[in-house]
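What follows is a set of notes on a single structure, which appears directly below.
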Amino acid sequence: MTDACGIPLAIRLTGANRNDITQLLALLEAIPPVRGKVGRPRRRPERLQGDRAYDSNGHRKKLRARGILPILARRRVPHGSGLGLTRWVVERTIAWLHQYKRLRIRYERLPEIHEAFFTLGCAIICWHALKKSFC
């Protein structure tokens, strides 16, 4: 899960045969508090954008119950939802992570080691973003 600028907020390592929608709420729970403004730190986004893989009325209801506006493309509807205009940010972050060979091709047998490399890759992306402050 990334923010609007492509900065990774949370990652989840699962098996290759798991559907994306099974990890949506777990990803939301994994977002750490975002500090910056005075007061209680934010723990949830205002809205969540997702492609057709996340289309589910149950998940829409759960997101609304948490105060999150779901902007999810619907299945079996012609393209034109407009999510492609902002979806590229997530794809770009995935491409940034795939620049690192150990993340592009998984060599490690233990999931903890692979997740550690993912966390390191996300930290490097955040460091580059802070250095450039592109958003």
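The values are calculated or read from the model by the stated rules, or taken from the named source; none is laboratory data. Note that the coordinates shown come from a computational prediction; the quantities given were computed from them, not determined experimentally. All Cβ positions, even for glycine, are placed from backbone atoms using ideal geometry, and neighbour counts span all protein chains on display.
Numbers at a glance
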| quantity | calculated |
| --- | --- |
| Candidate set from segment 107-133 (those that are assigned to a loop (DSSP other than H, G, I, E, B), of a type outside the set (Phe, Trp, Tyr) and at pLDDT 85 or above); member that is farthest from Leu9 (Cα to Cα) | Arg109 |
| Answer from Ile94, Ile68 - the residue that is touching a residue at least 40 places away in the same chain (Cβ under 8 Å) and within 26 Å of Ala123 (Cβ to Cβ) | Ile68 |
| All helices (runs of 4 or more DSSP H) inside segment 1-103 with 1 or more residues being acidic (Asp, Glu) | 24-30, 84-97 |
| Hits in segment 16-45 (condition: exposed (fewer than 13 other Cβ atoms within 10 Å of the Cβ) and farther than 21 Å from Cys126 by Cα) | Ala16, Asn17, Arg18, Asn19, Thr22, Ala26, Val38, Gly39, Arg40 |
